[in-house]
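Accompanying notes for the structure given below.
The values are calculated or read from the model by the stated rules, or taken from the named source; none is laboratory data. Here the structure is a predicted model, which means the values were calculated and not measured. Here the Cβ positions follow ideal geometry from the backbone for every residue, glycine too, while neighbour counts run over all protein chains shown. The area values use the complete protein model at the heavy-atom level, side chains included, leaving out ligands, DNA and RNA. Shrake-Rupley method; radii C 1.70, N 1.55, O 1.52, S 1.80 Å.
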Amino acid sequence: MPETSRRGLLFGTAAVSAGAFLTACTSNEPKEKAAAQGNQPAADDKPGTPVTIGFAGPQADHGWLNAINVNAKSRAEKYSEVTLEITEGSNDTAAQIGQVKTLINKKVDVLVVLPADGKALTQVGLEAMKAGIPVVNLDRIFASPQAYRCWVGGDNYGMGLNAGHYIGEQLKDKAGAKVVELAGIDNLELTKQRSQGFADALKNYSNIKLVARQAADFTVESGQAKMAQLLQAQKQFDALWNHDDDQGVGALRAIQQAGRDEFIMVGGAGAKSAMDAIKADNSVLKATVLYPPTMAASAIDLARALGQSKGVAGLAEMEIPTSLTLYSAVVTKDNIDQYLPTGFS
């Protein structure tokens, strides 16, 4: 995508933490069962061969983006043999290309990159791979599969799909149910994917109609302004899906100022503010659909496994997968305590 600004980077192409995916199978199983097929050892929590991981992440000027960096750093600190070489986060494509080149020149063992622009950074990903440095491409995908060894990221279509199914189940017995959508930036592919998933889910409920859709731009201010417009245009509706919890803070302000409470609201991404509101259960916000920043922790796990020539615990294959798409779980008051620790500020 050509958009390389802060808002253009948001939610790249961002469940339960897949970080545990690589380490959860260290349990009471016999060692031979914990190993991958062919006696290839699987990654576990025990210290192994020293690995230097280069991490080129985003500029932390949004809650989700900051959580990406925090998750990567905290995961690396868990392993005594892992050294994390971190660049100064940047949303400037040229600057990030330079940072990745510096990591290549330092001859790090593995690279983890969340690119400001996947297409624009494809060439430097190819450069790393040709230099024998495997690349874990985080969230915003490179234009060529030759530019990375493994991709790990969120499921934008799944976000919309799961939000739609949750709303559908809440309203399935209500005749003539009306739904509105507060989307993200419309020229981003991720927004189109989220909206398409939502629309496809609603097709399963013939009694529900999407009556209005407004695009915001992932900020509190835009959420408040665009939600105010929706509320003014729609005097009554039954459910709202908001693509992003940051803009949802503004949306909730507009809703409270308008004194409206006849509908349920579902958020997106999994911010702590949204989870706190869901737990308190004192507003229209009843659920949020995750786009987990824990993907950065999972990327570190995968990079560590690559650097140590290990597989993934629980899988028979000798190698880590080429891609890992995280699930967009729906968080409600019924399961909030399970997911609250993953909420980001």
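Tabulated data
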quantity: Residues of region 250-271 classified as part of a helix (DSSP H, G or I) and either at pLDDT below 95 or buried (at least 22 other Cβ atoms within 10 Å of the Cβ) (or both), total; calculated: 4
quantity: Filter result (open to solvent by 20 Å² or more (accessible area, probe 1.4 Å), hydrophobic (A, V, I, L, M, F, W, C) and within 25 Å of Trp64 (Cα to Cα)) within region 200-223; calculated: Ala215, Val220
quantity: Selected residue [over 30 Å from Val220 (Cα atoms), hydrophobic (A, V, I, L, M, F, W, C) and either assigned to a loop (DSSP other than H, G, I, E, B) or within 24 Å of the chain's Cα centre (by Cα) (or both)] from Ala60, Ala76, Ala67, Ala72; calculated: Ala76
quantity: Extreme residue, modelled with the lowest pLDDT, among residues of region 50-70 that are open to solvent by 20 Å² or more (accessible area, probe 1.4 Å) and out of contact with any Asp or Glu (no Cβ under 9 Å at 6 or more places or on another chain); calculated: Asp61
quantity: Considering residues of region 79-94 that are over 22 Å from Asp45 (Cα atoms) and among the hydroxyl-bearing types (Ser, Thr, Tyr) only, the residue nearest to the chain's Cα centre (by Cα); calculated: Ser90
quantity: Options Leu324, Leu340, Leu290, Leu306: the member that is under 23 Å from Asn69 (Cβ atoms), surrounded by fewer than 17 Cβ atoms within 10 Å (Cβ to Cβ) and at pLDDT 95 or above; calculated: Leu340
quantity: Qualifying residue in region 179-189 (condition: assigned to a helix (DSSP H, G or I) and either open to solvent by less than 10 Å² (accessible area, probe 1.4 Å) or under 18 Å from Thr288 (Cα atoms) (or both)); calculated: no
quantity: Qualifying residue in region 239-246 (condition: part of a loop (DSSP other than H, G, I, E, B) and aromatic (Phe, Trp, Tyr)); calculated: no
quantity: Answer from Lys78, Lys101, Lys107, Lys73 - the residue that is within 22 Å of Ser144 (Cβ to Cβ), among the charged types (D, E, K, R) and open to solvent by 30 Å² or more (accessible area, probe 1.4 Å); calculated: Lys101
quantity: Pairs, first under 17 Å from Arg140 (Cα atoms) in region 84-108, second of a type in the set (Lys, Arg), C-beta under 9 Å, six or more apart; calculated: Asn91/Arg6
quantity: Region 87-117, residues that are in contact with a Lys or Arg (Cβ under 8 Å, 6 or more places away or on another chain) and in a strand (DSSP E or B); calculated: Val110
quantity: Hits in region 235-249 (condition: open to solvent by less than 40 Å² (accessible area, probe 1.4 Å) and over 25 Å from the mean Cα position of the chain (by Cα)); calculated: Phe237, Asp238
quantity: Hey, Ala313 crowded, with 18+ Cβ neighbours inside 10 Å, at pLDDT below 95 and more than 19 Å from Met159 (Cβ to Cβ) or not; calculated: yes
quantity: Qualifying positions in region 190-199 - buried (at least 20 other Cβ atoms within 10 Å of the Cβ), out of contact with any Asp or Glu (no Cβ under 8 Å at 6 or more places or on another chain) and not hydroxyl-bearing (Ser, Thr, Tyr); calculated: Leu190, Arg194, Gly197
